[in-house]
Amino acid sequence: ETGVTQSPTHLIKTRGQQVTLRCSSQSGHNTVSWYQQALGQGPQFIFQYYREEENGRGNFPPRFSGLQFPNYSSELNVNALELDDSALYLCASSLGLAGRDTGELFFGEGSRLTVL
Amino acid sequence: AQSVTQLDSHVSVSEGTPVLLRCNYSSSYSPSLFWYVQHPNKGLQLLLKYTSAATLVKGINGFEAEFKKSETSFHLTKPSAHMSDAAEYFCVVRGSGGYNKLIFGAGTRLAVHP
């Protein structure tokens with residue numbers, strides 16, 4: 001167990017809807033990253049938040065947005081859902097930018113989103 | 001740009017035999033490389049990491065990997081497979097940009113047979 005918890009674990013949406021996924025980071029960790037893992041593929045980096053600000057973003061459109069709260073928990077929001085957004089969404093936490101030196105991210109078990 | 005290629009999508013071994021999962025990397029500078037494991041319905045767990053210290057890296061559960069610059073490889077090995085090793089394994093390189101972006105390979109599914 002990593003101490004990173006995500007909710008909900010599973011959800012089903014229809015095209016065009018909006019979704020919010022939540023993540024509680026491991027105690028003491030102030031950096032949160034989000035990854036999208038499509039079926040049969042490796043995770044892809046969406047973005048990272050450090051001290052409530054986005055400080056890195058992957059190749060995802062603006063309809064993917066996020067928030068980090070003062071307690072370091074985080075949300076991932078996806079607007080105008082498309083069928084290709086169906087995936088496992090993983091949240092990972094690490095301690096500050098020291099995480100850059102170790103690469104050790106602590107992952108949650110993910111939220112599986114199905115878009116119909 | 002950094003990237004990794006996992007050379008096998010599926011590997012099947014018998015319990016007690018050696019495991020070899022192959023990974024090649026591409027990087028314009030000295031890379032930070034990792035292996036992560038994902039068991040069914042579980043989150044990703046770090047097995048080991050290379051960050052320019054010793055080229056032979058030992059990880060958890062008896063796994064190790066050797067960084068070979070001349071071959072741009074970072075293969076994962078284990079002398080003797082256990083049934084509990086059955087999982088998806090990802091070779092990972094840290095991306096550039098000053099933040100903790102990890103670039104994952106497509107994964108290798110390891111099956112272990114009795």
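Summary table
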{"read-out": "Cα-based Kirkwood hydrodynamic radius, chain A, one decimal, Å", "value": "14.0"}
{"read-out": "Taking the range B:55-114 and dividing mean pair separation by its residue count, relative contact order in percent (alpha carbons under 8 Å, at least six apart)", "value": "24"}
{"read-out": "Size of charge dipole - the protein assembly as shown - debye, nearest 20, with Cβ of Lys, Arg +1 and Asp, Glu -1, no other charges", "value": "200"}
{"read-out": "Accessible surface buried once A binds B (1.4 Å probe; total of both sides; Å²)", "value": "1800"}
{"read-out": "Length-normalised contact order for chain B - Cα pairs under 8 Å, 6+ apart - percent", "value": "37"}
{"read-out": "Partner aspartates and glutamates for residue B:42 [C-alpha distance under 14 Å; skip if fewer than 8 residues away on the same chain]", "value": "A:1, A:109, B:85, B:88"}
{"read-out": "Square roots of 5 times each gyration tensor eigenvalue, C-alpha, chain B, largest first, Å", "value": "24, 15, 12"}
{"read-out": "Three semi-axes of the equivalent ellipsoid, the range A:25-86, Cα gyration tensor, whole Å, largest first", "value": "22, 13, 10"}
{"read-out": "D_trans [Stokes-Einstein, Kirkwood Rh over alpha-carbon pairs] for the protein assembly as shown, 25 °C, 0.890 mPa s, µm² s⁻¹", "value": "136"}
{"read-out": "Whole-number accessible area per residue in Å² for the protein assembly as shown, which is evaluated in the context of all protein chains at 1.4 Å", "value": "47"}
{"read-out": "Chain A, accessible surface, carbon-and-sulfur percent (1.4 angstrom probe)", "value": "49"}
{"read-out": "Shielding by partners - mean other protein chain Cβ count within 10 Å, residues of A:40-48", "value": "6"}
{"read-out": "Average partner coverage of A:104-112, which counts Cβ from other chains inside 10 Å", "value": "4"}
{"read-out": "Lysines whose Cα lies under 19 Å from that of residue B:69, excluding same-chain neighbours fewer than 8 positions away", "value": "B:49, B:58"}
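The values are calculated or read from the model by the stated rules, or taken from the named source; none is laboratory data. Just so you know, these numbers come straight off a predicted model, no measurement behind them. Note that each Cβ is placed from the backbone with ideal geometry, even for glycine, and that neighbours are counted across all protein chains shown. Accessible surface is based on the protein model in full, side chains and every heavy atom, while ligands, DNA and RNA are left aside. Shrake-Rupley method; radii C 1.70, N 1.55, O 1.52, S 1.80 Å.
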